[in-house]
Amino acid sequence: MLFMLAFLAYFLLPLAWLFIASTKSIGDLFGTFGLWFAHDFHLFQNVRELFATRTLDGGTYLVWIRNSALYSVTSAVAAALLATAAGYGFAKFNFRGREALFWMVPNTAIAVPLFLLFSKIGLTNSPLSIILPSAVSPFGVYLMRIYAEAAVPSEVIEAARLDGASELRIFRTIGLRLLAPGAVTVMIFAFVGTWNNYFLPLTMLSEPKWYPLTVGITELGPTGIIIGSLLAIAPMILAFVLLQRYWETGLSAGAVNG
């Protein structure tokens with residue numbers, strides 16, 4: 001219990017500090033105790049100033065949050081679909097070189113080669129330079145392969161083949177439905193990963209109009225960074241709340257016997 005309480009404090013204390021700091025003016029931010037409120041409550045004033053701030057390069061918080069939403073939602077949906085299809089293929093088909101193709105390389109290790117490749121084909125400093133790399137999730141493929149091996153019974157696939165269904169139809173009508181909880185998990189991981197990604201946008205983008213929040217808020221002052229970071233957490237919490245009901249197991253229970 002003590003260990004779990006310490007673990008809970010480890011995660012909640014930074015959030016508590018972020019919220020408390022967001023309620024302070026710039027003077028109170030450095031002149032008061034970090035884990036307690038100042039005499040004046042400046043939260044709403046800080047929010048108004050944040051949305052009214054325009055950097056010298058023309059960037060604004062609303063533009064950055066729109067970009068982050070575009071990159072994250074598009075990448076999450078694409079990553080879930082690609083990882084589900086790839087994981088299903090690795091789990092249910094035997095083909096030459098399957099294990100070799102399953103090797104994974106961390107995304108951070110290919111950021112610079114990706115920049116050089118994208119610069120050759122003219123895709124840097126554009127939304128595609130963020131969406132395309134983020135749509136490929138090695139961890140998602142690994143997760144969906146493990147999940148597909150357990151969630152999609154081979155007997156159901158064989159029965160569908162005997163009924164004359166094509167492989168694409170089997171995947172669309174059976175595989176996707178049984179793999180939905182795993183796909184939602186990959187979607188959430190991809191959404192959070194893209195939303196929090198800093199190094200890839202910093203490498204690929206050079207104009208503030210394309211910046212996501214992670215890069216854009218670094219151009220603001222201390223108060224702007226703090227309140228901007230606080231508001232940036234809200235979409236991730238919303239994503240977890242809306243998608244957690246899809247995290248169900250046992251969707252294939254009884255599929256073979258039924």
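The values are calculated or read from the model by the stated rules, or taken from the named source; none is laboratory data. Only a predicted model underlies this, so the values are computations on that prediction, with no experimental measurement involved. With ideal geometry, Cβ positions are generated from the backbone for all residues, glycine too; neighbour counts draw on all protein chains shown. What goes into the accessible areas is simple: the full protein's heavy atoms, side chains included, and nothing from ligands, DNA or RNA. Shrake-Rupley method; radii C 1.70, N 1.55, O 1.52, S 1.80 Å.
It is to be established whether one or more residues within the range 55-76 are among the basic types (Lys, Arg), out of contact with any Pro (no Cβ under 6 Å at 6 or more places or on another chain) and open to solvent by 60 Å² or more (accessible area, probe 1.4 Å).
Quick first cut of the range 55-76, residues among the basic types (Lys, Arg) only: 66.
Subsequent filtering for residues that are out of contact with any Pro (no Cβ under 6 Å at 6 or more places or on another chain) retains 66.
Right, trim to open to solvent by 60 Å² or more (accessible area, probe 1.4 Å) and you get 66.
Checked against the condition, which is being among the basic types (Lys, Arg), out of contact with any Pro (no Cβ under 6 Å at 6 or more places or on another chain) and open to solvent by 60 Å² or more (accessible area, probe 1.4 Å), the range 55-76 yields at least one hit.
Being open to solvent by 70 Å² or more (accessible area, probe 1.4 Å) and at pLDDT 85 or above is the requirement here; does residue 118 meet it?
Working: open to solvent by 70 Å² or more (accessible area, probe 1.4 Å): no; at pLDDT 85 or above: yes.
Here the answer is no, as residue 118 does not meet what is asked.
Which of (1) modelled with pLDDT of 85 or more; (2) more than 28 Å from residue 200 (Cα to Cα) is the odd one out, the single condition residue 87 does not satisfy?
(2)
When residues of the range 1-53 are filtered for being small (Gly, Ala, Ser), part of a helix (DSSP H, G or I), loosely packed, with under 15 Cβ neighbours inside 10 Å and in contact (Cβ under 8 Å) with a residue 12 or more places away in the chain, how many remain?
Within the range 1-53, the subset small (Gly, Ala, Ser) is 6, 9, 16, 21-22, 25, 27, 31, 34, 38, 52.
This time we only want the ones that are part of a helix (DSSP H, G or I), so: 6, 9, 16, 21-22, 27, 31, 52.
With loosely packed, with under 15 Cβ neighbours inside 10 Å added as a condition, the list becomes 6, 9, 16, 27, 31, 52.
Restricting the remaining residues to those that are in contact (Cβ under 8 Å) with a residue 12 or more places away in the chain gives 16.
The number of residues fulfilling the criteria is 1.
Can you list the helices (runs of 4 or more DSSP H) found entirely within the range 184-248 that contain at least 2 residues being small (Gly, Ala, Ser)? I'd like the intermediate steps shown before the answer.
On the way: elements: 199-204, 213-216, 222-243.
Those helices (runs of 4 or more DSSP H) span 222-243.
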